[in-house]
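The values are calculated or read from the model by the stated rules, or taken from the named source; none is laboratory data. Remember, it's a predicted structure, so these values are computed and weren't measured experimentally. When we count neighbours, we look across all protein chains shown, and the Cβ atoms used for this are built from the backbone with ideal geometry, even at glycine.
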Amino acid sequence: MAANIKSIRDLELSGKSVFLRLDFNVPLSDPDSEGQRTVTDDSRITEALPTVKYALEKGAKVVIGSHLGRPDGKRSSESSLEPVAEKLSSLLGQEVTLADDCVGDGIEMMIRTQKHGSVLLLENLRWHKGEEENDPDFVRQLSKLCEIYVNDAFGTAHRKHASTYGLPQVATQKAMGFLIEKELKFLGQMLNEPKKPFYAVLGGSKVTDKIKTIDALMLKVNGICIGGAMAHAFWAVQGDTIPEGAKQPKPADVEAARTILRDAKKREIPILTPADTNLGFDVGPKTVERFTSFLKDAGTIFWNGPLGWFEKPEYAKGTFEVAKFVAALPALKVVGGGDTVSAIKQSGFSDRFDHLSTGGGAVLEYIEQGSLPGIDILKVYRQAQSPYLA
Ligand code: 3PG
Ligand code: MG
């Protein structure tokens, strides 16, 4: 898929203003007594560092654009990228200037006078409605900021927004960064040439959110383990009792689970559901045994969704024990989704996994579609077809 997409390595960056679209949509703490918030999981920032450092080393004026949260076209202090600027600066070990907006004369002037080898972080792209609407006017304003466009926002590549979909169509030079390249390498290997058997471990709360992904996975995998609150919908279909106090599944989720079980039976794909739970908030020891003895011969494992409410220490055991077991397997191990990556990191075994994706929705959509709009649009041949060039 990446065959006709240029890499940042293919471009001459020296002395140029390089607009780096990154996904710095990271979780933040509640404000402290002085109203300051901090980044609570910096995975998306650390994963983007190789691209940022490369552009700096090549002597580019690095201009970073990102969104944070869903401010819906309005400025707000809660959605400011200030905590991100601080984190990025400490990780890079150099100053990061935070602009007070992302487009306009003032920003263009800042870039004109920007030093080569320095970083300017633009404020939240979603403070402008034009970002999510992929408005041509907003695209034109963004295009004034860059001589070169580099997308490394894998986590946002499923969105057809101005900075991910419109801008690459007008940019004269465009490429992907090292993070997108790495994501495509591992997800491609997992989906296109998985070492068999290939198993999926799925958790989370709603079956309806994942049904399309499960449909697509069923064409590839040799079995699926299902945990998390989502498992209750499967229990409801199987006639098992859902523990009191646990969230009861919605009828739409039960219907989705019924469809999945029916399709899986037709395709002879085993679907493993929990054998026991810890008050309905975690998988119990019998389930850990059931899942691990099933997964032990895996060649490839894709894990999306925690198996329990791992943020509460009393309900983290099931997820952590399965993580420990999977970590030790000689299989290709790929994890997708912000919560899942946090859970695997907290388990203490994340360094034994091959790839912790920075995408949540983007990974699921990549599995469903086999591509993502924000990546497809970087393909060289697209340039001539751009509606923005008409
Ligand atoms: C994400 O975290 O899912 C990406 O940053 C995209 O954000 P969105 O779901 O608000 O579009
Ligand atoms: Mg999302």
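If you take just the helices (runs of 4 or more DSSP H) that sit entirely in segment 176-258, which of them hold at least 3 residues that are under 23 Å from the mean Cα position of the chain (by Cα) and surrounded by fewer than 21 Cβ atoms within 10 Å (Cβ to Cβ)? Step through it out loud before you land on a result.
Values: elements: 178-192, 207-218, 231-238.
Helices (runs of 4 or more DSSP H) meeting the threshold: 178-192, 207-218.
Just so you know, in segment 150-167 the residues that are part of a helix (DSSP H, G or I) and farther than 16 Å from residue 19 by Cβ include one that is nearest to ligand 1 (Cβ to nearest atom), and it is 155. Looking at the structure I just gave you, is residue 297 farther than 18 Å from residue 153 by Cα and touching a residue at least 40 places away in the same chain (Cβ under 8 Å)? Yes: the conditions hold for residue 297.
Looking at segment 26-60 only, could you name the residues that are among the hydrophobic types (A, V, I, L, M, F, W, C) and surrounded by fewer than 18 Cβ atoms within 10 Å (Cβ to Cβ)? Within segment 26-60, 49 is the sole residue that qualifies. Only one entry of 324, 333, 345 meets the criterion of being among the basic types (Lys, Arg), away from ligand 2 (no atom under 15 Å from the Cβ) and crowded, with 19+ Cβ neighbours inside 10 Å, and that entry is 333.
If we keep just the residues of segment 259-281 that are in a helix (DSSP H, G or I) and aliphatic (A, V, I, L, M), which is surrounded by the most Cβ atoms within 10 Å (Cβ to Cβ)? In this case the residue turns out to be 260.
Could you tell me whether residue 286 is over 15 Å from residue 343 (Cα atoms) and in a helix (DSSP H, G or I)?
On the way: over 15 Å from residue 343 (Cα atoms): yes; in a helix (DSSP H, G or I): yes.
So residue 286 passes the test.
Only one of the listed residues (130, 166, 155) is within 16 Å of ligand 2 (Cβ to nearest atom) and within 26 Å of the chain's Cα centre (by Cα). That residue is 155. Evaluate segment 152-165: report whether one residue or more is crowded, with 22+ Cβ neighbours inside 10 Å, modelled with pLDDT of 95 or more, within 22 Å of residue 14 (Cβ to Cβ) and polar (S, T, N, Q). The answer is no; no qualifying residue exists. Taking the condition out of contact with any Gly (no Cβ under 8 Å at 6 or more places or on another chain), acidic (Asp, Glu), over 11 Å from residue 163 (Cα atoms) and buried (at least 19 other Cβ atoms within 10 Å of the Cβ), does residue 123 pass? Spelling it out, residue 123 is indeed out of contact with any Gly (no Cβ under 8 Å at 6 or more places or on another chain), acidic (Asp, Glu), over 11 Å from residue 163 (Cα atoms) and buried (at least 19 other Cβ atoms within 10 Å of the Cβ).
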